[in-house]
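This report concerns only the one structure given below.
Any read-out appearing in this document is the output of simple, stated calculations on the displayed coordinates, not a laboratory observation. This is a predicted model, so every value here is computed, not measured. Positions of Cβ are generated from backbone atoms using ideal geometry, with glycine treated the same way; all protein chains shown enter the neighbour counts.
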Amino acid sequence: MNFTLWNAAVLPAAFVIVVLHLLLPGAGFWVGTVFALAGLILFGIPHGSLDHVITEKTGDGSFSLIRFLVLYLLTMLVYALFWVWLPAFSLLFFLLMSAWHFGETDLVTENPKQTFSDIAARFLQLTYGSLLLFGLLANDPQQTVDILSSLLVESSVLAGFLQLTETHSWLRFTEFYALGLRILLIRSAWFDQLRLALVLFAALFLPLLEGFLLYFCHHHAWVNLLRVKEKLYEAGQTGLRHMIKDMLPFSLISVVGIVILVLSAPLWLAQVNPVLLFFILISVLTLPHAGIMTRFYYKAAG
C-alpha cells in the first residue's frame, strides 16, 4: 500500500478519537462508536459483499448465483447452530479462523515465488494472526473477560487469560510483535508498515470493540478492497464504479439483516452480552468469506 490521501485518511481520524478518549471519555466513546460503525458500514461489510464476484471471476467452472447463495447461507446457518450447541468450540474455531484470515491478508506478498515452503508460510500466517488477535483482545483484558463470561460461565480459561495478562504485561502488546514479524518477512512500502503501526497504536487507547473495529475495518477490510479492485476490476474511476455497483446490493441486505438481528436479540438471547453477539455475527459472516479469500489469494499468487 502506497501513500495516498485516501489511504492516510484514517490516521488523523484515529488520532482525534484517541485524544477525545483521553481528555473527554464520554465524548470520545460516542465519537469512537460512530467512527467504528461508519467503518463497518463503509468497509467492513462491503469487503465481504464482493464474495460472489470473487467466486465468479476466480472459479474454474460455470457460476450460478443461486447455488452460491444457497451454499453461503447454509454455511452461515450451520455455524450459527454450532454457536448454540457448542459455544466453547465455536469460539475457539472463530479465534483460529480470524487469526488465519488476518495473517493471510497481512502477510500476502506481491511476488508469487514464496521465500518459504507452503507449510512454513501457512505457519507464519497463523502465528502472525494469533499474535495480532491476542494483542487486540488483551488491550483491555477485563472487558474481554466480561464479554465472554456470558458464553463461558466460570471458565478457568478466562481466569487464566486475565491472570496471564496481569502478571505478564508484555503480553498485552503482542500485536506489535506481529508487526515486527511482518516487517521482517515482507519488504513493503514504508507507508504500509507505518499505517498499520499507527492503527494498532491507536487501538491501545480504545475500548475493545472500537479497537478491534479500527483494525478490522480501516486496515483489514480496506486492504482487501484495494486488492480485489486491483485484481478483478478496471483501473481508475470506471473500475471503482463497477465495484461499488457490485457490492451495494449485498451490503444493504447485510446491514438490514444485522440491524434486525441486533434489535430482536433481547427476545431470544437475553443473557448474551451485546458485544459478544456482535462478534458472533461477525464470525458467522466470516466463515464462508474467509474460504473465498483464501482461494482469491491462491489464484492471485498463481
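Data table
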quantity: Sorted peptide list for 131-138, 252-259, criterion being average Cβ within 10 angstrom, highest first; calculated: 131-138, 252-259
quantity: Distance histogram in 5 Å bins (all Cα pairs of region 173-302, percent per bin); calculated: 2, 8, 13, 17, 19, 18, 13, 7, 3, 1, 0
quantity: For region 117-148 versus region 186-234, the gap between their alpha-carbon centres in whole angstrom; calculated: 16 Å
quantity: Kirkwood Rh in Å, taken over all unlike Cα pairs in the chain; calculated: 20.2 Å
quantity: Computed over the chain: relative contact order in percent, which uses C-alpha pairs under 8 Å that are six or more apart; calculated: 32 percent
